[in-house]
Amino acid sequence: MRLTESEFWDLTMREFGALSDRFKDAQGWLDYRAALICTVMANMWRDSKTKPYKPSDFMPEQKPKKQTPEQMLMAVKMLNSAYGGNVIEE
């Protein structure tokens with residue numbers, strides 16, 4: 001995301017989330033541009049019986065990953081530890 005280490009550690013979680021979302025959007029646009037080129041090339045030489053390709057045919061599917069409750073708890077513990085907190089097990 002083109003941040004220095006000090007810039008990274010100065011971010012709040014909300015700022016990091018917004019910056020991360022913006023970075024993902026920019027990467028998605030770059031992927032779309034590459035897929036558009038593939039679409040044009042494939043449609044130029046496709047058989048007339050074949051239906052035209054779309055950019056989505058050349059892009060990886062992006063399904064959000066579901067986390068289990070255990071994975072969520074582990075993420076919270078790691079963040080807590082990173083910020084110097086203590087893990088309290090009951």
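Listed by chain and number, the lysines whose C-alpha is less than 21 Å from the C-alpha of residue 77, apart from same-chain residues fewer than 8 away, are 65, 66. If I compute solvent accessible area with a 1.4 Å probe over the protein chains, what percent of it on the chain is carbon and sulfur? Solvent-exposed carbon and sulfur of the chain make up 58 percent of the total. When you restrict to C-alpha pairs under 8 Å that are six or more residues apart and normalise by the size of the chain, the relative contact order lands at 18 percent. Think of a 1.4 Å ball rolled over the protein heavy atoms: the chain then has 94 Å² of accessible area per residue.
Tilt of helix 13-44 relative to the longest C-alpha principal axis of the chain, in degrees (0 to 90, nearest 10)? The helix 13-44 is inclined about 10 degrees to the chain. In the stretch 45-90, the alpha-carbon atoms span a convex hull of 98 Å³ per residue.
The reciprocal of the average 1/r between distinct C-alpha atoms defines the Kirkwood hydrodynamic radius, which for the stretch 1-53 equals 13.9 Å. Note on exposure: 46, 22 ranked by accessible area (1.4 Å probe, complete protein assembly) read 22, 46, with the most exposed listed first. Taking the inverse of the mean reciprocal distance over all distinct Cα pairs, the Kirkwood hydrodynamic radius of the chain comes to 17.3 Å. Residue separation of residue 25 and residue 10 scaled by 0.36 nm, minus their Cα-Cα distance, works out to 3.1 nm of gained length.
The values are calculated or read from the model by the stated rules, or taken from the named source; none is laboratory data. What you see is a predicted model; the values in this text were computed from it and never measured. Only protein heavy atoms, including side chains, enter the accessible area calculation; ligands, DNA and RNA are left aside. Shrake-Rupley method; radii C 1.70, N 1.55, O 1.52, S 1.80 Å.
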